[in-house]
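A.B. asks: Structure in C-alpha cells, see below.
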Amino acid sequence: MAKQKRAPRPKAATPRGFKDDFGADVRERREMLGHLSDLYELFGFEPLESSAVETVEALGKFLPDVDRPNEGVFAWEDSDEGWLALRYDLTAPLARVAAQYRNNLPNPYRRYAMGPVWRNEKPGPGRYRQFIQCDADTVGSSVIAADAEIAALMARALETVGIERGDYIVKVNNRKVLNGVMEAAGLFDPFDPSKGEDVRGTVLRTIDKYDRFGEAGCRLLLGEGRLDDSGDFTKGAGLAGEQIERVLAFVAACGDSNNATLSNLNELVGTSELGKKGVDELAQISKLVDADGFSEREILIDPAVVRGLGYYTGPVFEAELTFDIIDEKGRKRQFGSVAGGGRYDDLVKRFTGQEVPAVGLSIGVDRLLAALAYGKDNVAKADGPVIITVMDRDQMSSYQALVSELRNAGIRSELYLGNPKDFGKQLKYADQRGAPFAVIQGSTEREAGELVVKDLVLGAKLAAEITDRDEWAAQPAQETIKQGELVSYLRAKMNAS
C-alpha cells in the first residue's frame, strides 16, 4: 500500500495588503481613537457601530475608482441574501442606517463611527487593503453651518491628536462651484445632470492630479490625452481649447486671501445660478470658521480640491499636513492628505426616494499615526509592564502577592512566567517587553524585608554612556528599597519620567 502523503503545512505569512499590529502600535491607535471619540462627543455626536457587511446594492456604485464602479470590494454570493460585501467606507453604511431607522432617529442625526474598512485594490507601499477610518457626520441638515462645523471639526481633530497649527491646512472647495464652471464651459446641464457624466468624471480626476502633473500635464489630460514616460497613453476628456482654459483657470483661482479666491470664482462661474450658490456657500463657511477661531492659515478655500468620490454634491474638505518628511527614496516632501469629507445630499435618497441632506468627514487613522511617528525621536519607549522576576520557585505566592499589590494600585505589571532558571533571560524578557522596571527579591532580600528595583530605562542609557568600571559600580539604575515602599517608589519614579 502506497504511503499517504502528508498535507503541506500552511505558510505562516500575512496576506498581501494586510498587516499585523503589535503592542505599542495598538496602544497608540487606541489612544488616538479615544481622543477623537472624546472630541466627537464634545461636539454632540453619538456613537454608531454598524455592520461590517452590507449588501452590494446598499453599498452602491460609489467606490473611489469610478472607472470600475463594481470593483474594489471584497464580495461573495450568499444563497439567501444575494451578493454581500465588506464595507469599503463608513459613509455608505450610514446612509443605509439613516434610511432604515429614519422614523426612530433624531433629525438631524449626528453620529460618529470608528472601525476597519476593506478595499479590494492592488496593495503598495503604505497602501493596505484593510485600514481604520474615523468618521463624524450630520444627516438631515442642509444649513451651511453644518458644513462649516465639519471643516472646524477636522482642524480640531488634528490639533487634538498633536498636530500643531502651522503643520496642517484644511482646504475647502464646493462641487457646485465646479459644476457652475463646467456649466459656463458648456459641460454641465443643471436640468439634466446625468448628461456628460463620463467627461466630467475625467475632468475631476484630472484636477485631482494637478499637484502631480502640473498645468502642462493636466492640459493634455483635459484635451486628447497624455503619453507618460513609460509609453502608456491615458485618454483625455476631449475638451475644446476655451473649455480647457476655463477649467485650468478654476484650478488656479486661489488668491492671496479667501476673499480674493471668492472673487475669482465668482467671475469663472459666469451666469450659472448653481455656481453662484456654491460661491456664496464658500463665503458663509469662511465667515463661520473665522468666528470659530480659525484663520486662513488653518482653513483655506482652494479650488484644486475636488475629492475623488462621486457622491459629493456640495462643499468638500481635505486636510493636509504641511511639514516636511524624508521619503523612502531620501527625497524631501510633504506628508499630504490625512482626512477628507464633504456634503453628499443624494446618498440616502437611493433608499428613500427623497433627498436627505448630509455632510461629514473621515480621518485615515493609520496615515495620521504614521505622520505623528515622523515627529517622534527614535528612542525606545518603555511602555511595557513592571516585571516581577522569580529568584526562588518555592516563593511563587510571594511574587504573586507583589504583582497583585501593583495591579491593585493601578500599576501595569506581570509575573515572569517563563523558566526562571536563567536570570539573564528574565532581564532580556523585560527588555523585550519594554518594561520600565524589574523587581528582584531573593532569599537575602526577603529575610531583610527588602526589594531590589532595576530602572531598565536608566540602565540602558548609562550602559551606553559609562565606560569606567568604578562609574558603573556607582550608577543609580538599581536601588534597594523596603518591601512596603514598592508602590510609592514606582509611582514617584514614573511621575518623574
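The values are calculated or read from the model by the stated rules, or taken from the named source; none is laboratory data. On a predicted model such as this, the values are computed, not experimentally measured, just so you know. We place every Cβ from the backbone using ideal geometry, glycine too, and count neighbours over all the protein chains shown. SASA here: full protein model, heavy atoms, side chains in, ligands and nucleic acids out. Shrake-Rupley method; radii C 1.70, N 1.55, O 1.52, S 1.80 Å.
A.B. asks: If you go through the stretch 189-199 one residue at a time, do you hit one that is of a type in the set (Lys, Arg) and in contact (Cβ under 8 Å) with a residue 12 or more places away in the chain?
C.D. replies: no
A.B. asks: Looking only at the stretch 344-367, how many residues end up being open to solvent by less than 10 Å² (accessible area, probe 1.4 Å) and at pLDDT 90 or above?
C.D. replies: Final tally of qualifying residues: 8.
A.B. asks: Follow-up question, since we're still on this one. Between PRO116, PRO106, which is assigned to a strand (DSSP E or B) and farther than 21 Å from ASP346 by Cβ?
C.D. replies: PRO116
A.B. asks: A follow-up question, please. Got a number for residues in the stretch 431-452 being in a helix (DSSP H, G or I), touching a strand residue (DSSP E or B) at 6+ places or on another chain (Cβ under 9 Å) and polar (S, T, N, Q)?
C.D. replies: Matching residues across the stretch 431-452 total 1.
A.B. asks: Please go through the stretch 123-152 and give me each residue that is without any contact (Cβ under 8 Å) to a residue 12 or more places away in the chain and either part of a loop (DSSP other than H, G, I, E, B) or open to solvent by less than 10 Å² (accessible area, probe 1.4 Å) (or both), ordered by number.
C.D. replies: Of everything in the stretch 123-152, just one residue is without any contact (Cβ under 8 Å) to a residue 12 or more places away in the chain and either part of a loop (DSSP other than H, G, I, E, B) or open to solvent by less than 10 Å² (accessible area, probe 1.4 Å) (or both), namely VAL143.
A.B. asks: Only one residue in GLY360, GLY364, GLY353, GLY341 is over 18 Å from VAL316 (Cβ atoms) and among the small types (Gly, Ala, Ser). Which one?
C.D. replies: GLY353
A.B. asks: With open to solvent by less than 50 Å² (accessible area, probe 1.4 Å) and under 21 Å from the mean Cα position of the chain (by Cα) as the only criterion, which of ALA155, ALA184 stands out?
C.D. replies: Being open to solvent by less than 50 Å² (accessible area, probe 1.4 Å) and under 21 Å from the mean Cα position of the chain (by Cα) holds for just one of ALA155, ALA184, which is ALA155.
A.B. asks: So LEU220 passes all but one of these: (1) of a type in the set (A, V, I, L, M, F, W, C); (2) in a loop (DSSP other than H, G, I, E, B); (3) surrounded by fewer than 19 Cβ atoms within 10 Å (Cβ to Cβ). Which condition number does it fail?
C.D. replies: Unmet for LEU220, out of (1) of a type in the set (A, V, I, L, M, F, W, C); (2) in a loop (DSSP other than H, G, I, E, B); (3) surrounded by fewer than 19 Cβ atoms within 10 Å (Cβ to Cβ): (2).
A.B. asks: Say whether the condition of being in a helix (DSSP H, G or I), touching a residue at least 12 places away in the same chain (Cβ under 8 Å) and under 24 Å from the mean Cα position of the chain (by Cα) is met by at least one residue in the stretch 259-278.
C.D. replies: Scanning the stretch 259-278 turns up no residue that is in a helix (DSSP H, G or I), touching a residue at least 12 places away in the same chain (Cβ under 8 Å) and under 24 Å from the mean Cα position of the chain (by Cα).
A.B. asks: Quick check on my filter: what residues within the stretch 223-235 are of a type outside the set (Val, Ile, Thr) and either open to solvent by 20 Å² or more (accessible area, probe 1.4 Å) or under 21 Å from LEU268 (Cα atoms) (or both)?
C.D. replies: Answer for the stretch 223-235, where residues must be of a type outside the set (Val, Ile, Thr) and either open to solvent by 20 Å² or more (accessible area, probe 1.4 Å) or under 21 Å from LEU268 (Cα atoms) (or both): GLY223, GLU224, ARG226, LEU227, ASP228, ASP229, SER230, GLY231, ASP232, PHE233, LYS235.
A.B. asks: Of the residues in the stretch 400-422, how many are open to solvent by 60 Å² or more (accessible area, probe 1.4 Å) and closer than 18 Å to ASP455 by Cβ?
C.D. replies: Final tally of qualifying residues: 1.
A.B. asks: Quick one: how many residues across the stretch 191-217 are open to solvent by 60 Å² or more (accessible area, probe 1.4 Å) and part of a helix (DSSP H, G or I)?
C.D. replies: 8
A.B. asks: Sticking with this structure for a sec: Here are LYS235, LYS195: which of them is more than 32 Å from the chain's Cα centre (by Cα) and closer than 29 Å to ALA99 by Cα?
C.D. replies: None of the other options fit; the residue is LYS195.
A.B. asks: Check ASP21, ASP78 and return the single one that is surrounded by fewer than 17 Cβ atoms within 10 Å (Cβ to Cβ), at pLDDT below 90 and of a type outside the set (Lys, Arg).
C.D. replies: ASP78
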